[in-house]
Amino acid sequence: MSHPLVRSILIVGAAALMIAVASPTQGDPTKPAAPAAGKHWAFVPPLRPQPPAVRDAAWVRSPIDRFVLAKLEADNLNPSPEADRYTLIRRLSLDLTGLPPTPAEADAFANDTAADAYEKVVDRLLASPRYGEHWARVWLDLARYADTQGYEKDNHRDMWAYRDWVIAALNADMPFDRFTLEQIAGDLLPDANDSTRLATAFHRNTMTNTEGGTDDEEYRGYAVKDRVDTTLQVWMGLTAACAKCHSHKYDPISIEEYYRFYAYFNQTGDHDGYHDDPRAQLRSPIVHANINEKEAELAALRTELGAMGERLADQRRKWEATLASAKPVWLTLIPQSATSAEGATLTPGPDGAVLASGKAVKSDTYTIVASLGRDDLKQPITAIRLEALTDPSLDKQGPGRKAADPNYVVNTFEVVAEALDAAGKPIAAAAPAPIKLANARADFSQNGWPVAGAIDDDPKTGWAISPQFSRSHVAVFDLAEPWSPPADAASVRLTVAIRQLYGDWLVIGKARLSVSTSAPASLSPVVGEDPVAIARVPEAKRTPQQWTEINDAFLAQHADTSAKRQRAATLEAEIEAATKGLPATPVMVELPPERQRKTRIHNRGNFLDPGEFVTPALPAALHPMPEGAPENRLGVARWLTARNNPLTARVAVNRIWARLFGIGIVETEEDFGTQGIAPTNQPLLDYLAVEYMDAHGWSQKKLLRAIVTSATYRQSGAMTPASAAADPFNQRLARGPRFRLSAEQVRDQALAVSGLLSAKMGGPSVMPPQPEGVWRTVYNGANWKTPDNEDRYRRGLYTYWRRTSPYPSMINFDAGSGEVCLIRRIRTNTPLQALVLMNDPVYVEAASALAARSIRDGGADARSRIAHAFRLVLIRPPTDAELLRLTALHAAALAEFRSDSEAAGELLAAGRAKPAAGVDPADLAAFSTLANVLLNLDEAVTKP
Amino acid sequence: MNDFTITPYLERARAMTRRHLLSRTGLGIGSMALASMLAGERAGAAVASAPVNPLAPRKPFYPAKAKAVIYLHMAGAPSQVELFDYKPALEKFNGQPCPKEYLEGKRFAFIRGVPNMLAAQFKFNRVGQSGQYVSSLLPHFSSMIDDVAVIRSMHTDQFNHAPGQLYVQTGNPRLGYPAMGSWVTYGLGSENADLPGFVVLLSGGKTPDGGKSLWGSGFLPTVYQGVQCRTTGDPVLYLSNPNGMDRKLRRQTLDALRDLNEMQHKAVGDPETITRIAQYELAYRMQMSVPEVMDISKEPAHVLEMYGAKPGYVSAAESAEDPRALHKGDDPTFANNCVLARRLVESGVRFVQLYDWGWDHHANAANESIDVMLPIKAAQVDRAIAGLIRDLKQRGLLESTLIVWGAEFGRTPMMQNNTENNSKLKPGFIGRDHHPHGYTMWIAGGGTRGGVAYGSTDEIGYYPAENPVEIHDLQATILHLLGLDPYKFHVAHQGLKERLIGPTDHPDIISGIVA
């Protein structure tokens, strides 16, 4: 039962909503739309406020500025002047790509007199692939992304393909509503594909506890709660966490409503299992993009070859005629009946294949009955063949029935033959004969599941085919003794039982049987129907598959197509090789209807104390499910980005704003509820939110462009003691943003300015230098191994992230552990950060590389080299005083290292630096010392 | 005077890491303020660096004796049946099947079916004025029993290591919550501006099961996270200058850095720049002070002897590929850490957390057992712990230093029975499973009563029989002893008033052990 207070909020809320809709006033834009009594501002959908009039209209570049300036003018404050161009391009580059500009880019911008010089820079940066990498990191904090499972063992988990998905989606500027849909319910979309399935890994970033003796159901429950809490936090800025134990004190979610919402997320197949199943071998849109290209080429080639088959139809028919007289090697059994022991539907097709559908079953035995005429059996049967075929109706084309893991296990394959008389009655003298099989062989058998297991006496062994999904497979069994019916038999009835007893939904989706009278030695397990048999099928009756196969066979012996066929074969092999090593990413897989869980309230949050059963429903005080949306995760995903959702757009634009300005318009990004801090400028927030949905069509790039081209953003960040004291967090926006770079930006910038940064995108996470002995965890033998190649210098977001032992230097700069959703990082300023930048080998190496680069490119004398290094790091030219101070340091260090060449050698070794020909090692060491100072500057680690 | 309950303290702490308080305290901004901050050393630093240092000492809610905590966590969970909880009845039932009522509805990590009861494998002695029973494996500790309050009625609701350790150390079995040491330094700051306020020391060759999350700061600012000090390599990560850069050159670089940062501050006026200058100076001082305090070789021989410490010992486990194989034997790392703990507390560090790995004696494998491993592990800690108590007492520091000893849970009075080997009494294979329902911890100093036997378990040591103590009770007591009101001390986070002791007011301060 919901709390009385909740019900009253609900009623008042409904009234407020009606008022809000009925009077779409654009009112006083400096004040939030007056909410109806009792309705918290954030639960009233935003209306687009009219940008207010301002006195200093000349300052305004965008409507955003009017909202900001109106408030400043009301407080008798002036905005700051526009920052200089060096500052602007550094700010823009760090904000949009996470990387600094080059001095050359900065100079080009500084000297560009075009009216749209600024906008050109913005557009260039938004189009850079670096954009997606930078903003992916922001999203990955929310997604609680990590490369391990968490808890005691904290084993490895293949999650990086999902990280690549985020990068690619952001670079493609996937609209946020679609971005939402794919991550929350990409498996349930009508147009679901591998990419949308990969997106669902978002909610598989929950932790898995594999410590000995833990209760999987307990930790599965924690994972589902994490999904509920994360969903409401990330999209709607609501903190529902407390409602899992008791009815929410402040926000309108009761414990019952919590578990009704939980019920939507309680229907996926994951179960806190050791391997994070269900997983799927899916492609990274970055590192496997070339497979996609190859597949496209292959598909084009196949179409072309198919068309040739059409064009050469006359020749094909002639060729087929030569086949028709030949004897087929395999004779397809056309089923008279096909039955499932467990009630699945088995439908025979014209090509003899039996397709399973209907009820999902854990185990099954298919019994297929077919007859052969006397004419077919002039010679004894020597072998029988089982094909497990692909079909569009199966997930990933099958050949198994199980979604995401379309494997199967044939534990026992049995054949019984009966001789029949002309009336179709069994010949009394000949009892049904179980046929003994031998010498099993298959085109492919899964490791540990050889095909021989299907005909041994052990029902636990069997034939399976993981990971070779999406293609047909074939097994051939010889008869131990060739079998002929009695001479008086008119026909033979074969009954084949395919027992599939593994018990994890691993059953064949489409099966076909055939027999042969050829010599067994000549029979190999090759996928595909015998062309001879297909040639006998009238053209009008051929299935598409038969057409493909007969065309293939025809073209194979046709000289004109051999080059194209060769190329297709090469592509196939390459695709297969590239596909072999695909990571298995945990994904969301909805349970079939008959396996769906019944959700109960966990009293006081304790799963061992189950309360009433509940059905899925949305919290009543929030907006309803969009019309026509299904009552499942897909419906929830649509609900999250519904146009009348009062929160999602506000929360999203506020997040973007906070990353750019250092603090949100709502400071508590994680809490838009009544316990959060009220917005400092609600009309601005609402304007941005409505524009995001309507004008920008949920495009993050358009939103960013609108914000960073505003005069507000372009202000100088300089402050006076008075302005700093009056507005320490710059919430009034009377100046531009100025705050410390994120952990990843600090790293990436140092590598970029020193020239070490690798541009490689995507792929498995990497292990840059980390102090010895940091990884030393119980019951997990994993080691930290730093490579000696460009993977040493990848961007921070590619660093291997172990939840119980995250990369220490980035933790010191406030990166999260990835254990739970992190809405915003609280910035700190600590001595441990100083120690990292002073001494971490990453920064010692960067300093040495920066030194070598400056000596090489910075001109002939120390002064110009110092200025060069300075500009690489800070972009702007140094002042004379700065140059003088740095020159003095260089001179002192040079003297030191000239008198102590051993120390110089040690420092260079620590920085992995080798002096180029003609470079004095002492000078390189002195420059490394200087470069270390540059990388430690407050200005260097601060976005200007 | 305290505003913990009035303003969201998190916001205040964040502000303190930034410029806010710099102006609020009236010190003004700029190099004058900086000069006075940098001039502050040791005692004086407490005042001078307060504006920029979120670890500056703060007054508790109410006056308290305990100023610092040394927490000795025996990761893996030692057997209270052998060490502290003397149960003659277990002798009688030894080898008999465990009564059904103790098994029904229970979850175990490894025990399956009906296990047999298992008597203590080692002798107990009655020791001290208080006449408590303590294992013969702990002769040195026994000599200090009258300074210690032993709680024999602990219970928890976690029976796996990682969640169990997280529950004890963060008040929540799941990841993402601040460690007790973070809470305490957040509430009280630290007395030494040149050292971290919350230090973690490891022995036994392994990080405990809960990983570094055990000393993470959760939703508190990262400045409150525990700093792991290491006995090999850099004592604090990244502390040492790179080879080839001596302290003199480092000083020169920091002088240049300060000068340039001051120019930047003059141009832009961001108070954060001043904070950063101060943090670099602190880092520079830490480069001296941390190795100094971590160097136990300067301790007199008789003090080292008291703990059984051996300066400079490098455990083979530290460099082994798989240190599990090597955590056994005569390893003084824990003793060295106890000496360090005293030195750190003496220097004003607020919370010192020791983890000693290697107490998980299931007998799943040969010799990972009570009969073989427990005497070895007990010998590794017995003299060190007694030495720590005695040393603090002799220095007059025991009154102001709270020592807590314990684990994430205890071990079953039944023997483990999950393999062929450990199902019968066979040397090297005598093990016990995890037991959350009744076990022993002890607490000493810091305003607690010595010589107290608090609480007890039933006849076979399964459940608490009197004065049960839950984890949140223990945490409430620790906070209380430090002068931090456990019921009021909270931060606002995600719509919840987060407290170390959890959301309800059920936890009790264990008044029976408070002096």
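Brief remarks on what is shown
- Extension gain, B:N367 to B:N467, is 32.5 nm, computed as 0.36 nm per intervening residue step minus the present C-alpha separation.
- Once the C-beta distance of B:A515 and A:D727 is scaled by a Förster radius of 51 Å, the resulting FRET efficiency is 0.55 to the nearest 0.05.
- Rg ratio for region A:448-561: its Cα radius of gyration over 2.2 N^0.38 Å, N being its residue count, equals 1.31.
- Over region B:361-414, volume per residue of the alpha carbon convex hull, in Å³: 93 Å³
- Once the mean of 1/r is taken over each pair of separate Cα atoms and inverted, region A:793-944 shows a Kirkwood hydrodynamic radius of 16.7 Å.
- When the convex hull of its Cα atoms is viewed from all sides, region B:229-293 shows a mean projected area of 4.9 nm².
- Peptide-level mean, for B:154-161, of C-beta atoms on other protein chains within 10 Å: 3
- Distance from the C-alpha centroid of region B:65-90 to that of region B:190-218: 20 Å, rounded to the whole angstrom.
- Subtracting the Cα-Cα distance of A:D375 and A:D880 from their residue separation scaled by 0.36 nm leaves 171.5 nm.
- Cα convex hull volume per residue for region B:105-257 (Å³): 216 Å³
- In the context of the full protein assembly, A:S393 retains an accessible surface of approximately 80 Å², using a probe radius of 1.4 Å and ignoring ligands and nucleic acids.
- Two-decimal log10 I(q)/I(0) for region A:413-500, as the Debye equation yields it once each C-alpha is a single scatterer, q = 0.22, 0.24, 0.26 Å⁻¹: -1.02, -1.13, -1.25
- Accessible area per residue was computed with a 1.4 Å probe on protein heavy atoms; B:M263 scores about 60 Å².
- B:S289, B:S511, reordered so the largest accessible area comes first (probe 1.4 Å): B:S511, B:S289
- Counts of other chain beta carbons within 10 angstrom of each beta carbon in peptide A:767-773 average 3.
- Straight-line cross-link partners of A:K914 among the aspartates and glutamates, defined as a Cα under 13 Å from its Cα and at least 8 positions apart when in the same chain: A:E845, A:E906, A:D923.
- Solvent-accessible surface of region A:677-740, averaged per residue with a 1.4 angstrom probe and all protein chains in place: 27 square angstrom.
- Hydrodynamic analysis of region A:513-575 uses the Kirkwood radius over alpha carbon pairs. Inserted into Stokes-Einstein at 25 °C and 0.890 mPa s, it gives a translational diffusion coefficient of 179 µm²/s.
- Accessible heavy-atom area order of A:E73, A:E481, A:E133, highest first, probe of 1.4 Å: A:E481, A:E73, A:E133
- Length released on extending from A:H275 to A:T615, taking residue separation times 0.36 nm less the Cα-Cα span: 119.4 nm
- A simple charge model with +1 on the Cβ of Lys and Arg, -1 on the Cβ of Asp and Glu and nothing else charged puts the dipole of region B:180-281 at about 280 debye relative to its Cα centre.
- Tail beyond 17 Å, pair distance distribution of region A:171-318 (Cα, percent): 73 percent
- Projecting label points 7 angstrom from Cα along Cα→Cβ for B:E292 and A:W547 puts them 8.7 nm apart.
- For region A:461-521, the equivalent ellipsoid derived from the alpha-carbon gyration tensor has semi-axes of 29, 15, 11 Å in decreasing order.
- Here's the picture: a label point sits 7 Å out from the Cα of B:S130 along the beta-carbon direction, and within region B:408-441 the residues with their amide nitrogen under 12 Å of it are B:441.
- Crossing angle, helix B:370-394 versus chain B [Cα axis fit, 0-90 degrees, rounded to tens]: 50 degrees
- Here the mean projected area of the convex hull built on the C-alpha positions of region A:341-463 is 9.7 nm².
- Against the empirical 2.2 N^0.38 Å (N residues), chain B has a Cα radius of gyration ratio of 1.02.
- Sorted largest first, the spans of the alpha carbon positions of region A:721-794 along the three principal axes are 55, 34, 20 Å.
- Label point 7 Å beyond Cα of A:D116 along Cβ direction - residues of region A:684-703 with amide nitrogen under 18 Å: A:701-703
- Cα→Cβ-extended label distance, 7 Å offset, between A:A313 and A:S484, nm: 4.4 nm
- Average beta carbon contacts from partner chains per residue of B:275-288, 10 Å cutoff: 5
- Averaging 1/r across all pairs of distinct Cα atoms in region A:116-167 and inverting the result yields a Kirkwood radius of 12.9 Å.
- The calculated pair-distance distribution of region B:183-238 uses every alpha carbon pair, bins of 5 angstrom beginning at 0, and gives 4, 18, 26, 25, 17, 8, 1 percent.
- Greater than 24 Å apart at Cα, pairs in B:K59/B:K497; A:K436/A:K460; A:K460/A:K510; B:K92/B:K426; A:K362/B:K100: A:K362/B:K100
- On association of chains B and A, roughly 7600 Å² of accessible area becomes buried (total for both chains; probe 1.4 Å).
- Note on A:A423 and A:S758: their simple-model spin labels are 8.0 nm apart, each label 7 Å out from Cα toward Cβ.
- Within the accessible surface of the protein assembly as shown, defined with a 1.4 Å probe on protein heavy atoms only, the carbon and sulfur portion equals 55 percent.
- Computed from the Cα positions only, the extents of region A:555-605 along the three principal axes stand at 74, 24, 9 Å, in decreasing order.
- Label zone at B:Y313, where the point sits 7 Å out along the Cα-to-Cβ direction: region B:381-414 residues whose backbone N lies under 17 Å: B:381-389
- Counting only the Cα atoms, the protein assembly as shown fills a convex hull of 218 Å³ per residue.
- The largest accessible area among A:H156, B:H361 belongs to the first residue in A:H156, B:H361, and the rest follow in falling order (1.4 Å probe, all chains).
- Exposure of A:T561 as accessible area (Å², to 10), given a probe of 1.4 Å and all protein chains: 0 Å²
- Debye-sum result for region B:202-263 in log10 I(q)/I(0), which assumes one identical scatterer on each alpha carbon, at q = 0.18, 0.19 Å⁻¹: -0.86, -0.89
- FRET E, pair B:A301, B:I376, Förster distance 22 Å, beta-carbon r, rounded to 0.05: 0.30
- 0 to 90° range, to nearest 10: angle between helix A:255-265 axis and chain A longest Cα axis: 60 degrees
The values are calculated or read from the model by the stated rules, or taken from the named source; none is laboratory data. Keep in mind that this is a model prediction, so the values were computed, not measured. Positions of Cβ are backbone-derived with ideal geometry, glycine not excepted, and every protein chain shown enters the neighbour counts. These accessible areas exclude ligands, DNA and RNA; they are computed on the full protein's heavy atoms, side chains included. Shrake-Rupley method; radii C 1.70, N 1.55, O 1.52, S 1.80 Å.
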